[in-house]
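Structure, as structure tokens:
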Amino acid sequence: MIIFLNGEDAYRLNQERESIIRSYQAKHGSGFNFFRIDGASHDAFSSVEESVKSSSLFSEVKLVLVNNIFSSTKTAEAIKDLINSLIYKNK
């Protein structure tokens with residue numbers, strides 16, 4: 001599932017983001033793996049790729065939060081291509 005939060009009201013965006021994180025933590029408990037990545041950083045794509053492709057011996061649910069994903073067109077395109085490759089790989 002991909003969720004985009006975008007808008008002018010930073011307070012409500014933060015509330016919704018934290019609500020989503022809390023609900024995932026409550027639902028999945030110890031099997032929850034959370035990654036927070038700044039999309040504006042120079043290594044954003046490699047961090048996203050590493051977090052998505054990393055595997056564990058135990059069953060886990062991953063939540064990858066990428067702030068400022070549209071700050072770099074190159075990073076946004078690379079992440080889009082990564083998501084597409086993962087979706088079509090699993091079909």
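Annotations for the structure displayed:
- Region 1-26, residues that are hydroxyl-bearing (Ser, Thr, Tyr) and surrounded by 12 or more Cβ atoms within 10 Å (Cβ to Cβ): TYR24
- Subset tally (residues that are of a type in the set (Ser, Thr, Tyr) and touching a helix residue (DSSP H, G or I) at 6+ places or on another chain (Cβ under 8 Å)) for region 49-64: 1
- Residue match in region 79-88 (condition: farther than 17 Å from ILE2 by Cα, among the aliphatic types (A, V, I, L, M) and exposed (fewer than 12 other Cβ atoms within 10 Å of the Cβ)): no
- Selection of first residues in region 6-32 that are within 21 Å of SER71 (Cα to Cα) and of second residues that are assigned to a helix (DSSP H, G or I), restricted to Cβ pairs under 8 Å at least 6 apart or on distinct chains, gives the following pairs, ordered by first then second residue: ASN6/LEU13; GLY7/LEU13.
- Scanning region 1-13 for residues being within 16 Å of LEU63 (Cβ to Cβ) and modelled with pLDDT of 90 or more gives a total of 0.
- Residue list for region 33-74, restricted to those being more than 12 Å from the chain's Cα centre (by Cα), under 22 Å from ASN14 (Cβ atoms) and part of a helix (DSSP H, G or I): PHE70, SER71
- Close pairs (9 angstrom Cβ cut-off, 6 or more residues apart or separate chains): among the acidic types (Asp, Glu) in region 58-83, surrounded by 13 or more Cβ atoms within 10 Å (Cβ to Cβ) and part of a helix (DSSP H, G or I) anywhere: GLU60/HIS28
- Single unsatisfied condition, GLY29 versus (1) at pLDDT 85 or above; (2) assigned to a helix (DSSP H, G or I); (3) loosely packed, with under 10 Cβ neighbours inside 10 Å: (1)
- Enumeration of residues in region 45-60 that are under 22 Å from SER23 (Cα atoms) and surrounded by 13 or more Cβ atoms within 10 Å (Cβ to Cβ): VAL48, SER51, VAL52, GLU60
The values are calculated or read from the model by the stated rules, or taken from the named source; none is laboratory data. Keep in mind that what you see is a predicted model, and the values were worked out from it rather than measured. Cβ atoms come from the backbone with ideal geometry, glycine included; neighbour counts cover every protein chain shown.
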